[in-house]
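Have a look at the structure below, then the notes.
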Amino acid sequence: MSDYRPTIGLEIHAELATRTKMFCDCVNAPEGAAVNANTCPVCVAHPGTLPTINKEAVRHVLRVGTAIGGKLADFAEFDRKSYFYPDIPKGYQISQYEHPLIKGGELAGVAVTRIHLEEDTARSSHDTTKGASLVDFNRAGVPLMELVTEPVIHDAETAGKFARELQLLLRTLGASHANLEKGEMRVEANISVSKDENFGTKVEVKNLNSFRSVERAIAFEVSRQSKILDEGGTFPQETRGWDEGGQKTFSQRAKEGSADYRYFPEPDLPKLLLSEVPDLSPETIKASMPELPWDRRARYETLGLKEADAVHLTSSIARSVFFDKVVAICDAQKSLVLLSANYLISDVAGWYSKTGKEEFIGLDEEDFVELMRMVEAKELSSRGAKDILLVMLENGGSPKAIAEKENLLQVSDEGALVEAIKTVLGENPGVVAEYRSGKEASLQYLVGQTMKATRGAGNPALIKELLVKEIS
């Protein structure tokens, strides 16, 4: 294959977490309700109805724009974007074109063109057995943020990283739940390949409902386009879907241009002069901002965490909230903080990944830090701590009470350990002989056997010392 340079731009939609829909008072709850339950004359486009702007949705977008260093609009307006599908009964979508709420900004090293607000469409379903299509309007009119990047991405990994970082930012700000599998966040990739600085033919890929799908679809499309060009062929500018089962893209329709949408200003909504709305002023928006993910990562690194560990702990809100509580309980004791981080990143994360349970539901931060204090004080062996942590994750409870019940408190009583050591030495004369002949690994085996004899409760450092003394 010839060496083509991919150019990728992303368009990402996110349903905003507001109480009501974008232009009416219907409940913003597209999931869980009965079909067409959350509807009204406005969101099903009855003649004569008038929309009103959801201020909370505007605020969410302004906060996202502030977070990425974008320019917040003073003047903004909504436009009609014309197209004709059953999921838009008006025959147009209320969106923004010339005057979006946000221009510019940067996230994860990728330049952002704009962020604007629009209304979501209804959800269509197709019954092939009956030859019928059905429409559920619960999602129609849900506030939808659209973010468009500059075409400055050149590989699938960077695109995936950007989408993950945006999801984390939206959740941190409380702007969106941003679950891809529920359609609350939808990624579309515009992809072209070229051998020079000029753009090739652009293809848009839709239906990307996971970060892995984003990366795989981009990689597939780059390969597909490059192969066609290598063979002397051409391909149209079009919209393609992603077939998750077949791991390939497929043609859907010719790609529309902005002229096809026939944008014009929405006559039923007022122009927005944001400087005249105190709740939406840049100063008020900035004052409302929480600690942002990249600032939190930097703070964790000042605590002594490695960059990869800081990234892991900030990659979900539940993790960072739990870890912040742990840090506060540790009272800036650095060794305890780092020990806690190590157990969270390895044992705790591994358990949640294996069980698929929601993170940190049922694990008490006070109990967790108590367990870490016991480990640091050498009241527990590493094996004993892991066993206790497993009980705490599954059932909760005080680590000290669990240790006492299961006889897991570390034994440092030399008399009790010597008894166990003599038994182990008597059962393993060949290993003792190997150690005496210079095989150092044999000593570690004997330590392990003694730990096993004490059910993981023996102090391993003291066991090693006593073994050497007994063998000598």
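Annotations for the structure displayed:
- Those strands (runs of 3 or more DSSP E) of region 97-174 in which at least 2 residues are in contact with a Phe, Trp or Tyr (Cβ under 9 Å, 6 or more places away or on another chain) and of a type in the set (A, V, I, L, M, F, W, C), considering only elements entirely within it, cover 110-119.
- Qualifying residue in region 60-75 (condition: part of a loop (DSSP other than H, G, I, E, B) and closer than 28 Å to ALA34 by Cβ): no
- Considering residues of region 66-95 that are among the small types (Gly, Ala, Ser) and under 17 Å from VAL277 (Cα atoms) only, the residue surrounded by the fewest Cβ atoms within 10 Å (Cβ to Cβ): ALA76
- Residue pairs whose Cβ atoms lie under 9 Å apart, separated by 6 or more positions or on different chains, with the first residue in region 351-378 and without any contact (Cβ under 8 Å) to a residue 40 or more places away in the chain and the second of a type in the set (S, T, N, Q) and exposed (fewer than 15 other Cβ atoms within 10 Å of the Cβ), are GLY362/ASN395; VAL375/SER382.
- Hits in region 61-85 (condition: touching a helix residue (DSSP H, G or I) at 6+ places or on another chain (Cβ under 7 Å) and not hydrophobic (A, V, I, L, M, F, W, C)): ARG63, THR66, ASP74, LYS81, SER82, TYR83
- Cβ pairs under 6 Å, 6+ apart, first in region 223-251 and more than 14 Å from VAL205 (Cα to Cα), second in a strand (DSSP E or B): SER226/VAL193
- Residue among THR129, THR158 that is of a type in the set (Val, Ile, Thr), surrounded by fewer than 19 Cβ atoms within 10 Å (Cβ to Cβ) and in contact (Cβ under 8 Å) with a residue 40 or more places away in the chain: THR158
- Residue match in region 259-279 (condition: of a type in the set (Asp, Glu), part of a loop (DSSP other than H, G, I, E, B) and in contact with a strand residue (DSSP E or B) (Cβ under 8 Å, 6 or more places away or on another chain)): yes
- Residue ID - nearest to the chain's Cα centre (by Cα), chosen from residues in region 358-383 that are more than 15 Å from ASP347 (Cβ to Cβ) and either in a loop (DSSP other than H, G, I, E, B) or modelled with pLDDT under 90 (or both): GLU358
- Matching option when the condition is out of contact with any Ser or Thr (no Cβ under 8 Å at 6 or more places or on another chain), under 23 Å from GLU291 (Cβ atoms) and polar (S, T, N, Q), among SER315, SER346, SER353: SER315
For (1) touching a helix residue (DSSP H, G or I) at 6+ places or on another chain (Cβ under 6 Å); (2) without any contact (Cβ under 8 Å) to a residue 24 or more places away in the chain; (3) part of a helix (DSSP H, G or I), each residue gets a yes or a no:
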position: LEU390; (1), (2), (3): no, no, yes
position: LEU393; (1), (2), (3): yes, no, yes
position: LYS400; (1), (2), (3): no, no, yes
position: GLU404; (1), (2), (3): no, yes, yes
position: LEU408; (1), (2), (3): yes, no, no
position: GLY415; (1), (2), (3): no, yes, yes
position: GLU419; (1), (2), (3): no, yes, yes
position: VAL424; (1), (2), (3): yes, no, yes
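- Condition check for GLU197: over 25 Å from CYS40 (Cβ atoms) and over 26 Å from the mean Cα position of the chain (by Cα): yes
- Residues located in region 450-472, provided they are more than 14 Å from GLU419 (Cβ to Cβ), surrounded by fewer than 20 Cβ atoms within 10 Å (Cβ to Cβ) and not charged (D, E, K, R): PRO460, ALA461, VAL468, ILE471, SER472
- Residues of region 1-23 that turn out to be surrounded by fewer than 21 Cβ atoms within 10 Å (Cβ to Cβ) and part of a loop (DSSP other than H, G, I, E, B), as a count: 7
- Residues located in region 304-329, provided they are surrounded by 19 or more Cβ atoms within 10 Å (Cβ to Cβ) and modelled with pLDDT under 95: none
- Qualifying residue in region 215-227 (condition: within 30 Å of PRO100 (Cα to Cα), in a loop (DSSP other than H, G, I, E, B) and either in contact with a Leu (Cβ under 6 Å, 6 or more places away or on another chain) or not β-branched (Val, Ile, Thr) (or both)): no
- Across region 194-212, a minimum of one residue is classified as at pLDDT 95 or above, assigned to a strand (DSSP E or B) and surrounded by fewer than 17 Cβ atoms within 10 Å (Cβ to Cβ).
- Among all positions in region 336-344, there is at least one residue which is among the β-branched types (Val, Ile, Thr) and over 18 Å from the mean Cα position of the chain (by Cα).
The values are calculated or read from the model by the stated rules, or taken from the named source; none is laboratory data. What you see is a predicted model, and the numbers here were worked out from it, not measured in a lab. For neighbour counting, all protein chains shown are included, and Cβ atoms are generated from backbone atoms with ideal geometry for every residue, glycine included.
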